[in-house]
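A short worksheet on the structure shown next.
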Amino acid sequence: MGPVGTIWDEFFRSVLLQPAIISQHQQRLSGKNTGNYHGTFREPSQNNKETTTEHTGLVISVNMMMSVKSGLYLLVLYSTILQTSGLELLSDPMVSAGLVSTELDNTVSLTCVSEGTELEWFRNGQLIRVAEGNTLGTSRVCIWPVTHNDNAAIFTCQQKNDTRFNASAQLEVTYAPMNSVTDEVLVEQTRELVLSCDVFANPQVSVSWERHRAPIDLSDGGFEMTNDGTTSHLKVGKVDRDKHQGLYSCVTASPRYPTPNIKSFQVTVTDKTLQVQLDLVFPIIAGAVVIGLTTLLAIVSRWRRIIKCCKPDAPFDHSQ
């Protein structure tokens, strides 16, 4: 690097990036350490030479071009916060391309900084009520515990009196299916068998079914598999002990969670028992009740006539 470049290098190090500036912005965040940021000095006119330094706690992004006699110098600082003029949004975990990646049951902390102004928060366009005293200059919201419903939720901080100044972050919640137990399943011979497995996950998972740790051939044995994105079902219309009894497994996996998630079912086929078919019994009972009530009403309506017919004849008078 030429002598002029060296001068500007020292100028950036000693003046533009002096600790006093860094300390000033740390105070604005109440001492919160926001991570490491890299300053890169580039001199295109001299074979793209670069000098990189690291600074901790700097919370502003700077893009600056300066023209000097020996060429063009560019200073770039990379940070992990979202910033608009006069307003900054920080996140723990860090923001990446506008997304905050986290997992179920974790905690996400969002901090909005805008000196001397009143701030307000929104979740998917709905106003969030925050505690009194948590709106002026610096405002924080905490999402805990993170749930399925927080996935893709957009949190926006803005100045209350000037909504042009705002910044948003979207949550990306990743989670695997909740499968880890073995179920005991009893089914009678010739009855229907239905096994259900949770596949609700982000990102989506691949699903496969196994019997005795070997993939099931759906074309053999009368098996049918369905998947609605939340639950996967394995069905058998008519169970046969020789074909269907055994250990079944629902196996899910994804690039995010490469370790297979397995739910097992120990299926035992029992002998068929005699069962009364309720769909036939109920109509029979209903018919008997109707006939009984009709008979009772007929008897009541003709009660006097019945009594008269049942009276004995009057005795014969022999004196006449």
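The values are calculated or read from the model by the stated rules, or taken from the named source; none is laboratory data. Computed from a prediction, not measured in an experiment: that's the story for all the values here. Please note: Cβ atoms are built from the backbone with ideal geometry, for glycine as well, and neighbour counts cover all protein chains shown. All accessible areas refer to the heavy atoms of the entire protein, side chains included, with ligands and DNA or RNA removed. Shrake-Rupley method; radii C 1.70, N 1.55, O 1.52, S 1.80 Å.
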>> For the list (1) touching a residue at least 40 places away in the same chain (Cβ under 8 Å); (2) of a type in the set (Ser, Thr, Tyr); (3) within 30 Å of Val269 (Cα to Cα); (4) touching a strand residue (DSSP E or B) at 6+ places or on another chain (Cβ under 8 Å), I need the number of the one condition that Ser114 fails.
In response: (3)
>> Looking only at region 220-268, filter to residues that are among the basic types (Lys, Arg) and in contact (Cβ under 8 Å) with a residue 60 or more places away in the chain; which one of those is farthest from Ser180 (Cα to Cα)?
In response: Arg256
> From the list Val146, Val185, Val100, Val113, which residue is β-branched (Val, Ile, Thr), modelled with pLDDT of 95 or more and not in a strand (DSSP E or B)?
Replying inline: Val146
> Restricting attention to region 98-115, which residues are within 13 Å of Thr138 (Cα to Cα) and among the aliphatic types (A, V, I, L, M)?
Replying inline: Leu110, Val113
> Which of (1) of a type outside the set (A, V, I, L, M); (2) out of contact with any Pro (no Cβ under 8 Å at 6 or more places or on another chain); (3) surrounded by fewer than 12 Cβ atoms within 10 Å (Cβ to Cβ) does Arg211 not meet, given it meets every other one?
Replying inline: (3)
> When you go through Lys243, Lys235 one by one, which is the residue that is touching a Phe, Trp or Tyr at 6+ places or on another chain (Cβ under 9 Å), of a type in the set (D, E, K, R) and open to solvent by 60 Å² or more (accessible area, probe 1.4 Å)?
Replying inline: Lys235
>> Can you tell me which of (1) surrounded by 12 or more Cβ atoms within 10 Å (Cβ to Cβ); (2) over 30 Å from Lys263 (Cβ atoms); (3) out of contact with any Leu (no Cβ under 6 Å at 6 or more places or on another chain) is the one Val108 doesn't meet?
In response: (2)
> Does Thr147 fit the bill of being within 30 Å of Thr230 (Cβ to Cβ) and surrounded by 12 or more Cβ atoms within 10 Å (Cβ to Cβ)?
Replying inline: yes
> Is there any pair with a first residue in region 94-108 that is at positive phi and a second that is loosely packed, with under 15 Cβ neighbours inside 10 Å whose Cβ atoms are under 7 Å apart and which are 6 or more apart or on different chains, and what are they?
Replying inline: Asp105/Pro145
> Which one of these is among the acidic types (Asp, Glu), touching a residue at least 12 places away in the same chain (Cβ under 8 Å) and open to solvent by 10 Å² or more (accessible area, probe 1.4 Å): Glu192, Glu132?
Replying inline: Glu192
> Of all residues in region 153-177, which are open to solvent by 50 Å² or more (accessible area, probe 1.4 Å) and either in a loop (DSSP other than H, G, I, E, B) or without any contact (Cβ under 8 Å) to a residue 40 or more places away in the chain (or both)?
Replying inline: Ile154, Lys160, Asn161, Thr163, Arg164, Phe165
